[in-house]
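Step one of this worksheet: look at the structure below.
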Amino acid sequence: MNTSSISWTRFALAPLLAALVLAGCANVPTVEPVAAPVAPSAYKEADGRWAALTPAEAQARGEWWKVFADPLLDDLVARADRNNTSIQLAAARLAQARALVRSTNADSLPQIGIGAGAGRQTLQPGTGGLPGQALSSLTTGASASWEPDIFGKLAKATQAASLDAQSREALVQSTRLLVQSDVAQTYFGLRALDAERALVRQTVEAYRDTLRLTERRYRAGDVAELDWARVQTEVSSTESQALALDRRRAELEHALALLLGEVPSGFAVADAEWGGPLPLVPPGLPSTLLARRPDVSAAQSSMLAAQARLGVAQLAWFPDVSLTASGGFASTDLGDLFKWSARSWGIGALLSLPIFDGGRREAGVQSANAQWDAAAAGYREQVLIAFKDVEDQLSALRLLADQAGAQAQAVDSATRATVLSSSRYRNGYVSQLELLDARRSELANRRLALQVRSAQYQSTVGLIRALGGGWGSEVRALASAETPRAVR
């Protein structure tokens, strides 16, 4: 190799050598991790049995809805998992995020391509040959390029994309859990309405029997028209309440069809009795349950992705280095194209470093830093929401258990008052107005007892959602003295 070739080679590799020197001096500022809110040593609503840990998205959640031992609910949840559009949308976004990871990772790999070309042009004076002569040119060859990740910018971009994909995966789990819990809560609300509708219809029939008896006595002159009008009012009022419950049930049935991804006009849930013991929260639950909340995990991944992108923005101040190579054949004659004498090749190294960009890179760093601050605040907020959700449901279950006990006593007392009022009315000691008041009070208390029981089921499902899923084999559907008695 002659001296000129050596000098050219040194000149060509000078940008690469300069980049390596800069890499040794590169010192990108690190971002301090944001601590999550300080976790309480115990939840005040759980007698010290709970504690908060770091997110553990991979922990199993199990088929938590089976704790309610309702085959129809099992079928509804399975159908929602298959057909719910929100789950399908979240899954599609996850697929997009995973594709973006593969695309970002490809930037750090060598790029290889092949090509061929043909052209014909007229020679200009002074370029050799006869002026105006047409000359053909044929080329074929391969090219390769590679951007060595000297400063780690591509690695950070790939890391950010991977964290985004993890966030999307957690959001899929969060959407699935949300849909499952919505299906369960809607289903239990519908079952509670069935029980309430049956109770109101029974009351309507009882009032109609009373109305027929009162009408006969009114025609016979034994009672005044006022007594007949009062009973008629109760019948019409209670029928109106029954129709309102029918309307509400239809709305819940349509909402359930939407959750299952089915057309409401072709979907129906038959009336059925609502019974069985309420699943109780077992003692000694492991503290890792709250850590599985997928929304907390998604917020954490989004925060880490923002941190990685901040690093990418900071690395924009360092130069880009790319290496290229090409080789092939070029000839003016197709027959000579692949001859050894027609070969051509080239290698190159390019270092690119903007000197003045009008503040574009600084603005990029500021924007990435603001996104990091927003993601960190969002993560902290999500952790606080997780604490709040668990406290809300635990307090609701505790207070609803007390309310159910008090309401059961109210139902017993109202039922006894109705029996006594009916007996005294038949013996002429009280007016019909007092008997109607006693019946109205009994109906109101029975309906309230059903609503409290429905709220207990809703809060149990809400607690499961707040914890990120069920608590596994420790759950037992146990009846206890705290379980409210069935409303007669």
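For this structure, a couple of remarks:
- For segment 440-480, a tally of residues being among the small types (Gly, Ala, Ser), modelled with pLDDT of 80 or more and within 24 Å of Glu196 (Cα to Cα) returns 7.
- Sole residue being modelled with pLDDT under 90, within 30 Å of Trp317 (Cα to Cα) and in contact with a Gly (Cβ under 9 Å, 6 or more places away or on another chain), chosen from Ala376, Ala363, Ala368: Ala368
To keep it simple, each residue is scored yes or no on (1) out of contact with any Ser or Thr (no Cβ under 7 Å at 6 or more places or on another chain); (2) at pLDDT below 75; (3) assigned to a helix (DSSP H, G or I).
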residue: Ala268; (1), (2), (3): yes, no, no
residue: Ala272; (1), (2), (3): yes, no, no
residue: Gly275; (1), (2), (3): yes, yes, no
residue: Leu278; (1), (2), (3): no, no, no
residue: Ser287; (1), (2), (3): yes, yes, no
residue: Leu310; (1), (2), (3): yes, no, yes
residue: Ala316; (1), (2), (3): yes, no, yes
residue: Phe329; (1), (2), (3): no, yes, no
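- Every pair of residues 6+ apart whose Cβ atoms lie under 6 Å, when the first sits in segment 188-203 and is touching a residue at least 60 places away in the same chain (Cβ under 8 Å) while the second is among the small types (Gly, Ala, Ser): Ala192/Ser454; Val200/Ala242
Per-residue answers, yes or no, for (1) over 17 Å from Ser454 (Cα atoms); (2) free of Cβ contacts under 8 Å to residues at least 24 places away in the same chain; (3) aromatic (Phe, Trp, Tyr); (4) surrounded by 13 or more Cβ atoms within 10 Å (Cβ to Cβ):
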{"site": "Leu226", "(1), (2), (3), (4)": "yes, yes, no, no"}
{"site": "Ala242", "(1), (2), (3), (4)": "yes, no, no, yes"}
{"site": "Arg249", "(1), (2), (3), (4)": "no, no, no, yes"}
{"site": "His254", "(1), (2), (3), (4)": "yes, yes, no, yes"}
{"site": "Leu259", "(1), (2), (3), (4)": "yes, no, no, yes"}
{"site": "Gly266", "(1), (2), (3), (4)": "yes, yes, no, no"}
{"site": "Ala272", "(1), (2), (3), (4)": "no, no, no, no"}
{"site": "Leu278", "(1), (2), (3), (4)": "no, no, no, yes"}
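- Conditions (1) crowded, with 17+ Cβ neighbours inside 10 Å; (2) part of a helix (DSSP H, G or I); (3) free of Cβ contacts under 8 Å to residues at least 40 places away in the same chain; number of the one not met by Arg446: (3)
- So Gly119, is it part of a strand (DSSP E or B) and either surrounded by fewer than 14 Cβ atoms within 10 Å (Cβ to Cβ) or modelled with pLDDT of 80 or more (or both): yes
- Some residue of segment 95-111 being touching a strand residue (DSSP E or B) at 6+ places or on another chain (Cβ under 7 Å), at pLDDT below 85 and either of a type in the set (Phe, Trp, Tyr) or over 25 Å from Val183 (Cβ atoms) (or both): yes
- Hits in segment 43-82 (condition: modelled with pLDDT of 90 or more and of a type in the set (Val, Ile, Thr)): Val77
- Checking Ala414 against (1) of a type outside the set (Asp, Glu); (2) outside any helix (DSSP H, G or I); (3) under 22 Å from Gln241 (Cβ atoms), the condition it does not meet: (2)
- Among the residues of segment 349-386, those identified as loosely packed, with under 13 Cβ neighbours inside 10 Å and either among the basic types (Lys, Arg) or not in a helix (DSSP H, G or I) (or both) are Ser352, Pro354, Ile355, Phe356, Asp357, Gly358, Gly359, Arg360.
- If the condition is being β-branched (Val, Ile, Thr) and modelled with pLDDT of 90 or more, then segment 379-415 contributes Val411, Thr415.
- A single member of Ala250, Ala192, Ala244 is assigned to a helix (DSSP H, G or I), within 29 Å of Asp75 (Cα to Cα) and touching a Ser or Thr at 6+ places or on another chain (Cβ under 8 Å), and it is Ala192.
The values are calculated or read from the model by the stated rules, or taken from the named source; none is laboratory data. As the structure is a computational prediction, the values presented were derived from the model and not from experiment. Counting neighbours? That spans all protein chains shown, and the Cβs are built from the backbone with ideal geometry, glycine included.
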